[in-house]
Amino acid sequence: MTRMNGIQSPRDVHELIRVLPHVPVLRDRCRALAALDVLMDGRGGRYFDYDPTWGPGVEAALMNNGAGDEYAILFTPDGVFGRGFDHESWMSPYTNEDMALWPGLVDTLPEVFRPLLAEPAFCDDDVQVATVVFWRETSDSAWRAGPVEIPADGDDGTGHLFRVLAAGTPEAYRAFAEGYYETPLDLAAIRHVWDLRPLTEDILKTLNPHLPLARAASVLARIGYPVGVTT
């Protein structure tokens, strides 16, 4: 593990799969990150997002830093499929003439998840873009990844793509968000949202006094956050 911006970060996908929680906990963690970004931003184009209707029976946790790096974690009836892309990684398909995924990245990926690699959202024209891939079938007792070897003088991008998600604490989100949004944040308010508790007017005013309560509740409802708003 390495430390980035005060947050302990997994160095690669092999460390990531050792610290990811069970699926229900991960799903709640992803939804909380998206909810916090809704309240912090409120204008769309957020860093973290969550789409409970991404596909038939599929929910998606999404991250996009707006600079070419992103991840998607798909919660499907067959299990969970995760992939991330660091556009500056030496493991990017754009570093080789064949524009192929890095050796070992998906060699042992179960067949049930292989169609997801070809999703248009995860391709640039016909090029599948990923530098991190992991999964967990419903029958698995642990997270898995392929036998990918990380270059000694490079990395797969896990450290900055998944550091907040992997840390999995309100404190880690605050450390990230205070830098990203350039504003001090109240930890108690963040914890309230992190625990997926119904939004209150006081919590909203503490995190973002400029965001109307009705608008916040409407967007939160779309990501599946509890919307029993109280005053």
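The values are calculated or read from the model by the stated rules, or taken from the named source; none is laboratory data. Since the model is a prediction, treat every value here as computed from it, not as a measurement. Neighbour counts are summed over all protein chains in view; Cβ atoms, including those assigned to glycine, are modelled from backbone coordinates with ideal geometry.
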Scan of the range 115-142 for residues that are more than 17 Å from L105 (Cβ to Cβ) and either in contact (Cβ under 8 Å) with a residue 40 or more places away in the chain or of a type in the set (S, T, Y) (or both), ordered by number: A121, E137, T138, S139, D140, S141, A142
Test: residue in the range 130-153 that is in a helix (DSSP H, G or I) and out of contact with any Pro (no Cβ under 7 Å at 6 or more places or on another chain): no
Within the range 1-87, strands (runs of 3 or more DSSP E) holding 2 or more residues that are modelled with pLDDT of 95 or more, under 30 Å from H210 (Cβ atoms) and of a type outside the set (G, A, S): 48-55, 58-64, 70-76
Residue among G104, G82, G68 that alone is in contact (Cβ under 8 Å) with a residue 12 or more places away in the chain and exposed (fewer than 13 other Cβ atoms within 10 Å of the Cβ): G68
Flag if A214 is more than 17 Å from R46 (Cα to Cα), outside any loop (DSSP other than H, G, I, E, B), without any contact (Cβ under 8 Å) to a residue 60 or more places away in the chain and over 22 Å from the mean Cα position of the chain (by Cα): yes
Neighbours by Cβ (under 8 Å, 6+ apart or cross-chain): first from the range 183-196, on the phi > 0 side of the Ramachandran plot and surrounded by fewer than 17 Cβ atoms within 10 Å (Cβ to Cβ); second at pLDDT 95 or above and aliphatic (A, V, I, L, M): L196/A32; L196/A35
Of residues in the range 88-123 being among the β-branched types (V, I, T) and at pLDDT 95 or above, the one nearest to R27 (Cα to Cα): V112
From L74, L109, L101, L116, residue being more than 26 Å from P52 (Cα to Cα) and among the aliphatic types (A, V, I, L, M): L101
